[in-house]
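Everything below concerns the one structure shown next.
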Amino acid sequence: MMMAHHDDPRRDLIAQEAARLVVAGQVDSIERAIRLAVEILGWPDAARPSRRLVHGHVQGMRLETLGEAGYHHQLRALWVCAEQIMTVFEQDRPALVGRAAEGKVDGEVSLRIRVYSDERVSELAERLDTWGYEEELSFDTAHTKFGRFDRVRLADDGVPIVLTRCPTARFGALHRVNLHTGEAITAVDLEALRRAIENLPGAGD
């Protein structure tokens, strides 16, 4: 009888190897880590682990490597970076979404921020420039379940940031929703993020 994918013991071993590759900085994405792990272990017929499973192993390895204090230090640096960007758009109900919003520093460390504005995305970019974000900006469009949304991409101290502009009138419908799947997600507004930064262990040291 064929083994169900979730019963294949190699699935977790592949996830562990993929996580090791991510933590070692040998790959730039979870997908690449999984493909490379399969090649290294020589199991092309094995069930592939989910991104969530790999993320879990990455988080555990980082905690083991950095220690709890080091992990919180890294998380604080990421949140402060998000807080600074969100402050630029304080009047546009900015929200941090994704794994960083859940306090998870695992896998591809990046910041995904939404702003609810009817300004053109080029005008949002001008505001970033005014606040001193002189890094090269790029623009693209996300094609989602809820329509098309303009985005600005930049990096701050090496951290990739994706800023998505959503229409003001759709705040209620989109605020805590994954734009691609429609599933509920964590969304942290600026005030809540500032409280979270203050409440991190070691923040007052």
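The values are calculated or read from the model by the stated rules, or taken from the named source; none is laboratory data. Keep in mind it's a predicted model, so treat the numbers as computed, not measured. Cβ placement follows ideal geometry from the backbone for every residue including glycine, while neighbour counts extend to all protein chains displayed.
Quick one: Y116 ticks every box in (1) loosely packed, with under 15 Cβ neighbours inside 10 Å; (2) more than 15 Å from C81 (Cα to Cα); (3) in contact with a strand residue (DSSP E or B) (Cβ under 6 Å, 6 or more places away or on another chain) except a single one, so which number is it?
Among (1) loosely packed, with under 15 Cβ neighbours inside 10 Å; (2) more than 15 Å from C81 (Cα to Cα); (3) in contact with a strand residue (DSSP E or B) (Cβ under 6 Å, 6 or more places away or on another chain), the lone unmet condition for Y116 is (1).
Go over the candidates A101, A125, A69 one by one and state the one that is surrounded by fewer than 16 Cβ atoms within 10 Å (Cβ to Cβ), of a type in the set (G, A, S) and either in the same structural domain as P167 (by TED's automatic domain parsing) or more than 18 Å from R153 (Cβ to Cβ) (or both).
A69
Going through the stretch 104-122 one residue at a time, which ones are among the small types (G, A, S) and either outside the structural domain of D189 (by TED's automatic domain parsing) or free of Cβ contacts under 8 Å to residues at least 60 places away in the same chain (or both)?
S110, S117, S122
Could you list, in sequence order, all residues of the stretch 166-204 that are exposed (fewer than 13 other Cβ atoms within 10 Å of the Cβ), out of contact with any helix residue (DSSP H, G or I) (no Cβ under 9 Å at 6 or more places or on another chain) and not hydrophobic (A, V, I, L, M, F, W, C)?
Within the stretch 166-204, G172, H180, T181, G182, E183, E191, R195, E198, N199 meet the criteria.
Which residues, counting only those in the stretch 153-203, are of a type in the set (S, T, N, Q) and either touching a Ser or Thr at 6+ places or on another chain (Cβ under 6 Å) or under 20 Å from L128 (Cα atoms) (or both)?
Hits for the stretch 153-203 are T164, T168.
Within the stretch 155-178, can one find any residue that is assigned to a strand (DSSP E or B), over 24 Å from H55 (Cβ atoms) and free of Cβ contacts under 8 Å to residues at least 40 places away in the same chain?
Checking the stretch 155-178: not a single residue is assigned to a strand (DSSP E or B), over 24 Å from H55 (Cβ atoms) and free of Cβ contacts under 8 Å to residues at least 40 places away in the same chain.
Which condition does L96 not pass, out of (1) surrounded by 20 or more Cβ atoms within 10 Å (Cβ to Cβ); (2) farther than 21 Å from N178 by Cβ, if it passes all the others?
(2)
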